[in-house]
Amino acid sequence: MTTIAVKDAWKAGTQITEADYEAWYARSVSDPDGFWREHGARLDWIKPYTMVKNTSFEPGAVSIRWFEDGTLNLSANCLDRHLETRGDQTAIIWEGDDPKDARHITYRELHADVCRMANVLKGMGVEKGDRVSIYLPMIPEAAVTMLACARLGAIHSVVFGGFSPDALGGRMEDSSSKVLVTADEGLRAGRKVPLKANADKALGIAAKAGHTVEKVLVVRRTGAEVAMEGGRDLWWHEERDKVSADCPPAEMSAEDPLFILYTSGSTGKPKGVLHTTGGYLVWASMTHQYVFDYRPGEVFWCTADVGWVTGHSYTVYGPLANGATTLMFEGVPNYPDAGRMWQVVDKHQVNIFYTAPTAIRALMGAGDEFVTRSSRRSIRLLGSVGEPINPEAWNWYYTVVGEERCAIVDTWWQTETGGILISPLPGAVALKPGSATKPFFGVRPELVDAEGKVLEGAADGNLCIADSWPGQMRTVYGDHERFEQTYFSTYPGKYFTGDGARRDADGYWWITGRVDDVINVSGHRMGTAEVESALVSHPKVSEAAVVGYPHDVKGQGIYCYVTLMEGVTPSDELKKELVAHVRNEIGPIASPDKIQWAPGLPKTRSGKIMRRILRKIAEDEFGALGDTSTLADPGVVDDLIENRENRK
Ligand code: ATP
Ligand code: MG
């Protein structure tokens, strides 16, 4: 296994050295109170905190509070405090779906718009603690609305603009939102998305379930004709002109809720994750600064939609709290063609680029020439999040995209964690392709076996976190019992992530995938990620998903769904070649039992493979696929069912 030494990982110097990392980390876990007392001060507090950590993972009494007697306003931290020093600096670069559309918004302009939005929402009856649902495309108004809610102390719930009316309706009902902010239409890959029409259906669904959303604010994006209901629906561009650009930020307690966000739904019904104000922003801003080695004046591009937590923490809150220039992209990676990302990088001189393995694998499949025709000289750091990144994709990202100049930060975290928990700090930690490397300050990862026994040294097990960190979720909205049940009951006294991991002899962490995705073949446990990586390392394979299915002899058999590279013809010969390839890469124990060609894989809207659906198809039990509301393209599933290998 190659290791990329610290000095090569970071040629340009860094804020944190290897020695700093060790010292800071040691202090952060031996004296969390002292460490966070110091680092919490990176924010502007209205009333400074005297209390720092007050947390308990005890069964039946789980409670997480940080900086609890301090008060602050999050939007003031992201906007007002920058006006004097960088009011005329670009806060948001917006790149439209159409390569001809772009906008630069300064901190001063953003501040004024957020104040106006806050005043409009106030006029619609929004008060401290009220819930506001946001169903918008990736346009600046999405960030404006989030920040406006924070300014008033309202709780936002962003619902991805690609979701169906059912998904939006359910979330508005679950969070009992008072107001919805949406747009006439969205634009993705040149196609129009009927957001307002969907929203109208969703409002009806919520009403049927017993919850009436009082008001709807509509942002004009495409100018399409949409139905507006008198007394309920208002246009943002009309209301905006009627209100003042001044709105004093509300004084919020550190533990006042900031937002609700539903998880991706990869494993089941999405959970309404609740984050609060102070600890969350300390975490988002601090991880943004150190994990990405962010330096003043740089352009930071996180490709995640604001509908995901990555968009919350690293498109909006972390970068703006740090006074960065953040890029918001409305479009998709392969429109007008697979070179779009790199064209945008060159156009806006992006310095730090952060995306997901699903995008990396898709672009890798489209061919190198889409990358190499761009310059990319402005990039100095690359990041990955969302799924384990296979070494094959890691190497492509490192050599082809980054030309071996840029470190890659493989950042492991979850909606629940608020921000990054395990990741290299460039320049402080040597890299190993495929490993998320070391914990961030204050994070105490632990490996436990199925009985909850803590494993020491090099080991493979279930990933838990032993103690709280400031960015941790506080509860499942409206259901604290589900919070305790989901995260603290499996291994009492610890936060259980649901992921499996391996710690190697150097103390490096390797995320092996979700614990549910482990397969047991003739008594040998293996992560599906391992078999997938072996398949993807074959030159003809672009993507693969592996699941177990009941097997008479082995207990579980290995079922592989394989997507081939553009232009490769599927054949039985190729299946044999792939079986031989996996045997060669991992060993005979990992030999695929079934291979099914998959033109597409079922993914969540955030690009994660939904293996639970693939398991059902492999088991020939596709009648009960469970919650599919977050599926990106339901059509993919029909094709897979049609061509399944295991027919009873
Ligand atoms: P749900 O909890 O509803 O099933 P989800 O877990 O997909 O949905 P997210 O919070 O968006 O929802 O995703 C977090 C998960 O993504 C992690 O638990 C992990 O499985 C995976 N993940 C994120 N980053 C990485 C990474 N760098 N390496 C490996 N896995 C990652
Ligand atoms: Mg999860």
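The values are calculated or read from the model by the stated rules, or taken from the named source; none is laboratory data. Nothing here was measured: the structure is a model prediction, and the numbers come from that model. Don't worry about glycine lacking a Cβ; one is built from the backbone with ideal geometry, like all the others, and counts go over all protein chains shown.
Looking only at segment 431-441, decide whether some residue is more than 15 Å from ligand 1 (Cβ to nearest atom), assigned to a loop (DSSP other than H, G, I, E, B) and buried (at least 21 other Cβ atoms within 10 Å of the Cβ). Within segment 431-441, one or more residues are more than 15 Å from ligand 1 (Cβ to nearest atom), assigned to a loop (DSSP other than H, G, I, E, B) and buried (at least 21 other Cβ atoms within 10 Å of the Cβ).
Given the criteria outside any helix (DSSP H, G or I), at pLDDT 95 or above and within 16 Å of ligand 2 (Cβ to nearest atom), does GLY383 qualify? Spelling it out, it is not the case that GLY383 is outside any helix (DSSP H, G or I), at pLDDT 95 or above and within 16 Å of ligand 2 (Cβ to nearest atom).
Applying the condition of being within 16 Å of ligand 2 (Cβ to nearest atom) and among the polar types (S, T, N, Q) to segment 254-281 and asking which residue is farthest from the chain's Cα centre (by Cα) yields THR267.
Take TYR549 and decide whether it is assigned by the TED database to the domain that holds LYS576, over 19 Å from ALA359 (Cα atoms), in contact with a Phe, Trp or Tyr (Cβ under 9 Å, 6 or more places away or on another chain) and crowded, with 21+ Cβ neighbours inside 10 Å.
Working: assigned by the TED database to the domain that holds LYS576: yes; over 19 Å from ALA359 (Cα atoms): yes; in contact with a Phe, Trp or Tyr (Cβ under 9 Å, 6 or more places away or on another chain): yes; crowded, with 21+ Cβ neighbours inside 10 Å: yes.
Yes; evaluated as a whole, the condition is true for this residue.
Here LEU180 clears all of (1) more than 16 Å from ligand 2 (Cβ to nearest atom); (2) crowded, with 17+ Cβ neighbours inside 10 Å; (3) in a loop (DSSP other than H, G, I, E, B) except the condition numbered (3).
Quick one: would you say SER285 is of a type in the set (Ser, Thr, Tyr), more than 16 Å from ligand 2 (Cβ to nearest atom), at pLDDT 95 or above and in a loop (DSSP other than H, G, I, E, B)? In short, no. When segment 533-545 is examined, which residues are found to be free of Cβ contacts under 8 Å to residues at least 40 places away in the same chain and either aromatic (Phe, Trp, Tyr) or crowded, with 22+ Cβ neighbours inside 10 Å (or both)? Across segment 533-545, the qualifying residues are VAL541, ALA544. Somewhere in segment 597-605, is a residue in the same structural domain as GLU530 (by the TED database) and at positive phi? No, every residue in segment 597-605 fails to be in the same structural domain as GLU530 (by the TED database) and at positive phi. Here is a check on your reading of the model: is GLU251 touching a strand residue (DSSP E or B) at 6+ places or on another chain (Cβ under 6 Å), away from ligand 1 (no atom under 16 Å from the Cβ) and acidic (Asp, Glu)? In short, yes. Among all residues of segment 579-600, there is at least one that is outside any helix (DSSP H, G or I), closer than 26 Å to LYS269 by Cβ and of a type outside the set (Ser, Thr, Tyr). You will find that of GLU416, GLU446, GLU481, the residue that is within 16 Å of ligand 2 (Cβ to nearest atom), outside any loop (DSSP other than H, G, I, E, B) and either at pLDDT below 95 or not aliphatic (A, V, I, L, M) (or both) is GLU416 and no other. Within segment 405-422, residues that are without any contact (Cβ under 8 Å) to a residue 60 or more places away in the chain have Cβ atoms under 6 Å from residues that are in a strand (DSSP E or B) and within 9 Å of ligand 1 (Cβ to nearest atom) in these pairs: ASP410/SER384, counting only partners at least 6 apart in sequence or on another chain. Of all residues in segment 488-532 being in a helix (DSSP H, G or I) and either surrounded by fewer than 18 Cβ atoms within 10 Å (Cβ to Cβ) or away from ligand 1 (no atom under 14 Å from the Cβ) (or both), which is farthest from the chain's Cα centre (by Cα)? So the residue we want is VAL531. For THR277, state whether it is modelled with pLDDT of 95 or more, buried (at least 24 other Cβ atoms within 10 Å of the Cβ), within 20 Å of ASP97 (Cα to Cα) and not hydrophobic (A, V, I, L, M, F, W, C). So THR277 fails the test. Screening segment 46-132 for strands (runs of 3 or more DSSP E) wholly inside it with 1 or more residues that are surrounded by fewer than 16 Cβ atoms within 10 Å (Cβ to Cβ) and within 25 Å of the chain's Cα centre (by Cα) returns the ranges 63-66, 102-106.
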